[in-house]
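As structure tokens, the structure follows; a few thoughts come after it.
The values are calculated or read from the model by the stated rules, or taken from the named source; none is laboratory data. Note that the coordinates shown come from a computational prediction; the quantities given were computed from them, not determined experimentally. Cβ atoms come from the backbone with ideal geometry, glycine included; neighbour counts cover every protein chain shown. Please note that ligands, DNA and RNA were not included when accessible areas were found on the heavy atoms of the full protein model with its side chains. Shrake-Rupley method; radii C 1.70, N 1.55, O 1.52, S 1.80 Å.
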Amino acid sequence: MSALTEPRHYTSELNYLNNGWTLKSWLLTKDHKRIAMLYLISITVFFALGGLFAAAVRLELLTPPGDLMDAETYNKMFTMHGVIMIFFFLIPSVPATLGNFLVPMMVGAKDLAFPRVNLLSWYLYVLGGIFAIYAAVQGGVDTGWTFYTPYSSTYSNTAVIVTAMGAFVAGFSSILTGLNFIVTVHKMRAPGLTWGRLPLFVWAHYATSLIQLLGTPVVAITLVLMMLERGLRIGFFDPALGGDPVLFQHLFWFYSHPAVYIMILPGMGVISEIVTCFSRKHVFGYPFIAGSSLAIAILGFFVWGHHMFVAGQSTYASMVFSLITFFVAAPSAVKVFNWTATMYKGSVSYATPMLYAMGFIGLFTIGGVTGVMLATTALDLHLHDTYFVVAHFHYVMVGGMVMAFMGGLHFWWPKMTGRMYHEIWARISAGLVFIGFNLTFFPQFILGYMGMPRRYHAYPEEFVVLNVMSTAGSSVLGVGYLLPAIYFIYSLYRGEQAPPNPFRAKGLEWETPSPPPTENFLTTPVVTEDAYAYAEKEVKALV
Amino acid sequence: MSDAHVGTLEHTHDEEHVAHQFDNAQQQYESGNLGMWLFLLTEVMFFGGMFGAYAVYRTWYPDAFEIASRTTNIPLGAMNTLVLIVSSLTMALGVQSAQLGKRKRLAWMIALTMFFGLVFLGVKAAEYSEKWHHQHVPGLNWNWTEGEGGREVQILFCLYFAMTGMHAMHMVVGVGIMTWLLITALKGRYSPAYYNPVEISGLYWHFVDIVWIFLFPLLYLI
Amino acid sequence: MQHHIAPTRMYIGVFLALAVFTALTVFVRLGLEIRSFTIAISIAVVKATLVILYFMHVKWSGVLTKMAVVLAVVFLGILLLLTLTDYGSRSWQPKIPGWEKHQVVQ
Ligand code: HEM
Ligand SMILES: [Cu+2]
């Protein structure tokens with residue numbers, strides 16, 4: 001492995017990790033790298049928690065009758081799964097951990113523009129998480145992660161307000177992270193780092209931050225109105241009181257469709273970094289990948305109605321939303337083509353991050369293409385609220401974003417911790433994740449196409465084979481996620497010391513020791529070349 | 001909002017106001033300003049959700065909205081609009097005082113802004129209690145005796161309280177910021193070289209004023 | 001750092017304009033007894049623009065600040081307009097025989 005070719009003498013004496021050992025030095029830190037670590041630990045906890053709920057769902061669906069738990073419990077399981085995975089894992093996953101760690105380093109800054117705001121955002125996240133856990137302890141929620149009215153505001157007898165409060169508070173943590181990133185990218189770039197030289201990871205985070213700023217407040221106020229309606233029994237959305245429940249859906253999806261891009265764009269940024277590094281090539285079509293991030297962020301605000309084709313939205317609005325949804329798939333496709341073209345004729349090596357990246361490209365494509373199918377009004381009539389939709393969004397969210405997160409974590413783990421993980425085990429687990437994932441979710445496309453609705457705890461006999469496959473796959477997937485937890489922690493104690501640049505990658509973050517010193521760079525970096533200047537060097541080395 | 005600049009307020013000497021992550025005062029100033037503008041962007045969208053609900057129900061129930069808005073007290077609303085505009089003027093003059101280094105005038109202007117903010121809240125409280133008296137508070141004290149359409153009228157009142165309530169909460173936060181600004185200004189922290197906190201608090205204050213500039217016609221006049 | 005410092009009389013002037021517009025919009029409603037969405041909102045837009053340009057110094061600010069303002073207006077517009085496309089076109093729904101008796105909201 002290339003990891004061992006570099007000399008090992010680079011580790012700096014004082015780095016951000018050994019700069020203070022007390023609990024206080026962590027809990028009151030203003031260092032973006034430590035905050036990233038705090039986030040990493042907390043989202044891992046929530047990932048595990050969300051995974052437990054998912055396991056409950058899959059276990060119930062192992063057999064056709066609802067035998068493991070009653071319908072109410074089942075409803076709570078998938079709701080808690082969705083709420084935790086979306087609001088407390090996927091949305092902060094890449095931006096708040098890798099983004100927090102890397103955006104300042106990639107722009108050559110000492111920290112984010114507002115370090116205290118950054119810390120505040122972590123505390124808000126934790127507070128939101130406490131609400132969510134409290135709701136689970138209180139007996140859970142059963143509205144689905146979408147909190148649709150009037151069920152959430154009038155009929156549900158579960159801890160709706162507490163959970164919604166959790167999502168509301170966590171929303172502000174997301175807003176503050178986005179705000180911090182945008183200001184940092186605008187104002188704190190190192191000398192020579194023009195917009196055209198920014199790593200695509202930074203472009204992706206910039207676009208994500210825009211969505212966080214523009215979308216999140218709308219869902220915040222919508223949840224407030226829903227909570228008011230529930231708490232005071234007044235009518236904003238309740239049809240019995242003259243309101244329109246579809247209005248709730250409009251306001252909710254105005255955020256939540258763009259939010260699915262919060263849950264993929266940062267992952268796309270990770271993939272751009274990994275693919276170039278392990279193809280040893282300059283990225284193909286830099287301006288198109290950068291521009292498509294912005295295009296996705298902006299176009300993403302025009303398509304939310306595709307979630308409401310059968311909700312009572314007017315047919316004419318549906319036609320408009322359907323059409324624009326087709327357009328929004330284009331920038332995503334642009335990225336896929338550009339990554340593929342980057343690999344073409346590159347000297348591709350199959351290290352763990354690259355395995356995840358290749359998994360991402362394939363699985364995201366399937367997820368995106370099925371998304372376009374769902375955006376067709378006529379097909380959606382049949383497929384809406386079936387397992388087809390469940391499969392679609394798991395392909396993009398798990399096959400896409402979680403893969404990217406894992407890939408990024410492996411890629412930057414040596415940088416973040418100063419330790420190398422075990423490459424063989426890492427490849428094994430990447431393989432397990434890929435196999436387990438497809439085994440879990442591909443059958444769900446078929447199930448949904450055959451008409452199995454989502455959100456029911458029982459199903460007819462004829463669906464049993466595919467459901468058993470799915471549950472079996474999910475246990476493989478579970479092992480695939482558990483292994484990294486083990487070898488990552490092991491690497492902290494026994495892992496080899498990481499050199500500053502184990503993968504011979506380009507980018508400012510690789511020009512500083514691993515782990516980096518508290519102020520990131522020993523001297524302020526000056527940028528003199530484009531991002532991903534791989535090819536030139538490589539060619540010279542060959543001749 | 002006020003968090004956008006907390007990273008910069010440790011010391012009193014001008015040069016030492018530059019936090020470690022910034023290269024110089026100019027960079028810090030621009031970052032603080034941009035941060036506040038982005039925050040206001042999110043605030044626009046936050047209120048935007050309620051404006052959206054307003055737009056929908058107004059097109060659905062124009063008659064009920066007309067009935068409901070007749071019960072609002074236009075003179076009080078107009079007076080409050082003026083009060084807020086005056087407070088915006090004093091706020092803007094406060095920023096100007098800081099730019100010019102007139103410390104005493106700055107403190108006065110902040111105090112006046114705070115005072116007018118409190119007057120606004122007082123008038124708002126009077127209006128709320130009037131509504132309570134007439135049993136026009138959905139959910140808590142609601143009894144519509146003025147004829148037909150109570151179900152729809154109720155929605156306007158829900159929106160009225162949600163929108164003005166959210167606005168009033170922003171005013172309360174604003175008054176809190178003014179208090180803090182007054183204390184720090186009296187300590188002589190601001191100078192022509194360093195007045196960013198005054199300026200971005202001012203931006204917040206003006207934003208809250210703008211929200212009211214729209215709420216007044218939407219809820220009282222039409 | 002050199003920032004634009006506006007003279008006091010400009011602030012007073014803007015304030016007077018805001019006060020006049022407030023009086024005007026109230027006068028239209030109470031004096032002329034015209035209840036017009038267009039008039040009231042147009043006046044509000046003018047007032048808000050004055051506050052943004054002069055009190056918030058956007059007139060003298062850089063491109064970035066101006067873009068933030070434009071972005072806010074544009075995305076608020078998207079939220080309102082696209083939501084209203086649904087509500088505006090619901091009544092165009094073709095009438096399928098027997099449809100009316102199942103229809104709940106207008
Ligand atoms: C290529 C672009 C995409 C298109 C065209 C697309 C299209 C759609 C459509 C039409 C639906 C509604 C299906 C229904 O409920 O009947 C849907 C649902 C969904 N999509 Fe996508 N999608 C795309 C990408 C993504 C991405 C990148 C994510 C997340 C990372 C995502 C997450 C979701 C989720 C979570 C739902 C289901 C929401 C729910 O009802 O619970 N989609 N998608
Ligand atoms: Cu969507």
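With point charges of +1 on the Cβ of Lys and Arg and -1 on the Cβ of Asp and Glu, referenced to the Cα centre of chain A, which listed residue (A:Y123, A:N467, A:V275) lies farthest in the positive direction of the dipole?
A:V275
Report, as an integer, the average count of C-beta atoms from other chains found within 10 Å of each Cβ along A:216-228. Numbers along the way, then the final one.
Details: counts 3, 10, 11, 3, 4, 11, 4, 1, 5, 6, 0, 0, 6.
Mean shielding by partner chains, rounded to a whole number: 5.
Sort the protein assembly as shown into rounded, prolate or oblate with this rule: let a ≥ b ≥ c be the square roots of the eigenvalues of the Cα gyration tensor; rounded if a/c is under 1.5, and if a/c is not under 1.5, prolate when a/b is larger than b/c, oblate otherwise.
Working: a/c = 1.98, a/b = 1.19, b/c = 1.66.
The shape class here is oblate.
For chain C, just say rounded, prolate or oblate: build the C-alpha gyration tensor, square-root its eigenvalues into a ≥ b ≥ c, call rounded for a/c under 1.5, and beyond that prolate if a/b exceeds b/c, oblate if not. Spell out each step's value before the answer.
Working: a/c = 6.97, a/b = 1.85, b/c = 3.77.
Oblate is the answer for chain C, as a/c is 1.5 or above yet b/c matches or exceeds a/b.
In whole angstrom, how far apart do the alpha carbon centroids of the stretch A:433-454 and the stretch A:184-211 sit?
Using only Cα atoms to place each centre, the spacing works out to 37 Å.
Do any trypsin sites (Lys or Arg not before Pro) in the stretch C:8-106 lie in a DSSP loop with no more than 10 other beta carbon atoms within 10 Å, and if so, which? Show your work: numbers first, answer last.
Numbers: sites: C:R9, C:R29, C:R35, C:K47, C:K59, C:K66, C:R90, C:K95, C:K101; in loops: C:R35, C:K95.
Sparse-neighbourhood loop trypsin sites (Lys or Arg not before Pro): C:K95.
Protein chains only, probe 1.4 Å: how do B:I67, A:I262, A:I424 rank by accessible area, largest first?
Sorted by accessible area, descending: A:I424, B:I67, A:I262.
Which residue, chosen from A:T177, A:L193, A:A220, occupies the Cα position most advanced towards the positive end of the dipole of the stretch A:125-274, where the dipole is computed from +1 (Lys, Arg) and -1 (Asp, Glu) charges on Cβ about the Cα centre?
Of A:T177, A:L193, A:A220, it is A:L193.
Hey, what's the stretch B:23-221 come to in accessible area per residue, 1.4 Å probe, Å²?
Numbers: 6390 Å² over 199 residues.
Computed with neighbouring chains in place, this is 32 Å² per residue.
What accessible area per residue comes out for chain A, rounded to a whole number of Å², with a 1.4 Å probe?
Values: 18810 Å² over 543 residues.
Using a 1.4 Å probe on heavy atoms only, each residue of chain A averages 35 Å².
Between exposed chymotrypsin sites (Phe, Trp or Tyr not before Pro) in chain A, where DSSP calls loop and at most 16 other Cβ atoms lie within 10 Å, what's the longest gap? Write down the numbers at each step before the final one.
Values: sites that count: A:Y10, A:W21, A:Y344, A:Y350, A:Y456.
Excluding the exposed sites themselves, the longest stretch runs over A:22-343.
With a 1.4 Å probe and every protein chain kept in, tell me what percent of the accessible surface of the stretch C:1-56 is carbon plus sulfur. Each step should come with its number before you reach the end.
Numbers: 2090 of 2940 Å².
Of the solvent-accessible surface of the stretch C:1-56, carbon and sulfur hold 71 percent.
Using +1 at the C-beta of Lys and Arg and -1 at the C-beta of Asp and Glu, which of A:Q444, A:H422, A:G51 has the Cα lying farthest in the positive direction of the dipole of chain A?
Of the listed residues, the answer is A:H422.
Where the centroid of each part is defined by its Cα atoms, how far is the stretch A:34-74 from the stretch A:234-254 in Å?
Between the Cα centres of the stretch A:34-74 and the stretch A:234-254 lies a distance of 30 Å.
How large is the dipole of chain A about the Cα centre if only Lys and Arg carry +1 and Asp and Glu carry -1, each at its Cβ, rounded to the nearest 20 debye? Please list the in-between numbers first.
Numbers: 28 positive and 26 negative charges, 272 e Å.
I would put it at about 1300 debye.
If ligands, DNA and RNA are left out, what is the accessible area of A:H81 with a 1.4 Å probe, given in Å² to the nearest 10?
Accessible surface of A:H81 is approximately 40 Å².
Taking only Cα atoms of the stretch A:240-319, what ratio of Rg to Rh do you get with Rh as the Kirkwood inverse-distance radius?
Values: Rg = 17.9 Å, Rh = 15.0 Å.
Reported Rg/Rh (Cα atoms, Kirkwood Rh): 1.19.
Among the listed pairs A:K30/A:K281; A:K30/B:K104; A:K187/C:K59; A:K187/A:K506; A:K345/A:K506, which are separated by more than 26 Å between their Cα atoms? Write out the running numbers ahead of the final one.
Details: A:K30/A:K281 36 Å; A:K30/B:K104 35 Å; A:K187/C:K59 21 Å; A:K187/A:K506 22 Å; A:K345/A:K506 19 Å.
As for pairs spanning more than 26 Å Cα to Cα, those are A:K30/A:K281; A:K30/B:K104.
Show me the GluC sites (Glu not before Pro) within the stretch B:120-222 that DSSP assigns to loop and that have at most 12 other Cβ atoms within 10 Å of their Cβ. Please list the in-between numbers first.
On the way: sites: B:E127, B:E130, B:E146, B:E148, B:E152, B:E199; in loops: B:E146, B:E148.
Here the GluC sites (Glu not before Pro) that fit, given the DSSP loop and packing criteria, are B:E148.
Explain nothing, just the number: dipole magnitude of the stretch B:50-173 about its Cα centre with +1 on each Lys and Arg Cβ and -1 on each Asp and Glu Cβ, in debye rounded to the nearest 20.
880 debye
What's the percent breakdown of Cα-Cα distances in the stretch B:23-221 across 5 Å bins, shortest bin first?
Final binned percentages: 1, 7, 15, 17, 16, 13, 10, 8, 6, 4, 2, 1, 0, 0.
Taking every eigenvalue of the Cα gyration tensor of the stretch C:1-56, multiplying by 5 and rooting it, what semi-axes result, largest first, whole Å?
Details: eigenvalues 170, 29, 3 Å².
Each semi-axis is √(5λ); the values are 29, 12, 4 Å.
Under Stokes-Einstein, with the Kirkwood radius over Cα pairs standing in for Rh, what whole-number D in µm²/s applies to the stretch A:345-481 at 20 °C and 1.002 mPa s? The partial results should precede the final answer.
Working: Rh = 16.0 Å.
Calculated translational D: 134 µm²/s.
Taking each residue in A:243-255, count the Cβ atoms of any other chain within 10 Å of its Cβ, then average. What number comes out?
Numbers: counts 10, 8, 1, 6, 9, 1, 1, 10, 8, 1, 0, 9, 3.
Mean number of neighbouring Cβ atoms from other chains: 5.
What accessible area, summed over both chains, is buried at the A-B interface (1.4 Å probe, Å², nearest 100)?
Working: alone 21160 and 11190 Å², together 29040 Å².
Between A and B, the summed buried area is about 3300 Å².
Using a 1.4 angstrom probe on heavy atoms only, work out the carbon and sulfur share of the accessible area of the stretch A:25-83 in %.
Details: 1750 of 2270 Å².
Ligands and nucleic acids excluded, carbon and sulfur give 77 percent.
Across peptide C:18-27, what mean number of C-beta atoms from other chains lies inside 10 Å of a residue's C-beta? All intermediate terms of the calculation are to be shown ahead of the outcome.
Values: counts 9, 5, 0, 3, 9, 3, 0, 8, 11, 1.
Mean number of neighbouring Cβ atoms from other chains: 5.
Ignoring ligands, DNA and RNA, please state the percent of accessible area on chain B from carbon and sulfur, probe 1.4 Å. Present the calculation step by step, with values, prior to reporting the outcome.
Details: 4760 of 7510 Å².
Percent of accessible area from carbon and sulfur atoms in chain B: 63.
To the nearest Å, what is the center-to-center distance of the stretch A:102-135 and the stretch B:28-75, using C-alpha atoms only?
28 Å
Counting only C-alpha contacts under 8 Å and six or more residues apart, can you give the relative contact order of the stretch B:23-221 as a whole percent? List each step's numbers first, then the result.
On the way: 174 pairs, mean separation 71.3, N = 199.
This gives 36 percent for the stretch B:23-221.
Work out Dmax and Rg for the stretch A:1-160 from the C-alpha atoms and quote the Rg first, both in angstrom.
20.4, 65
Applying the Karplus parametrisation 6.51 cos²θ - 1.76 cosθ + 1.60 with θ = phi - 60° to the phi angles of the stretch A:317-334, what ³J(HN,Hα) value in whole Hz is obtained for each residue in order, glycine and proline being reported as x?
Residue by residue, the stretch A:317-334 yields 4, 4, 4, 4, 4, 4, 4, 5, 4, 4, 5, 5, 5, 4, x, 5, 5, 3 Hz.
Can you list which of the trypsin sites (Lys or Arg not before Pro) found in the stretch B:136-195 are DSSP loop residues with at most 14 other C-beta atoms within 10 Å?
On the way: sites: B:R151, B:K187, B:R189; in loops: B:K187, B:R189.
Hits after loop and neighbour filter: B:K187.
How much accessible surface does A:L294 have with a 1.4 Å probe, in Å² rounded to 10?
50 Å²
Over chain C, calculate the relative contact order: mean separation of alpha carbon pairs under 8 Å at least 6 apart, over the residue count, as a percent.
Details: 22 pairs, mean separation 21.8, N = 106.
Normalised by residue count, the contact order of chain C is 21 percent.
What size of dipole, in debye to the nearest 20, comes out for chain B about its Cα centre when the only charges are +1 on Lys and Arg C-beta atoms and -1 on Asp and Glu C-beta atoms? Display every interim value, and only then the final one.
On the way: 11 positive and 17 negative charges, 117 e Å.
For chain B, the charge dipole is close to 560 debye.
Take every Cα pair under 8 Å in chain A that's 6+ residues apart, average their separations, divide by the length, and report that relative contact order as a whole percent. Each step should come with its number before you reach the end.
On the way: 935 pairs, mean separation 111.5, N = 543.
Reported as a whole number, the value is 21 percent.
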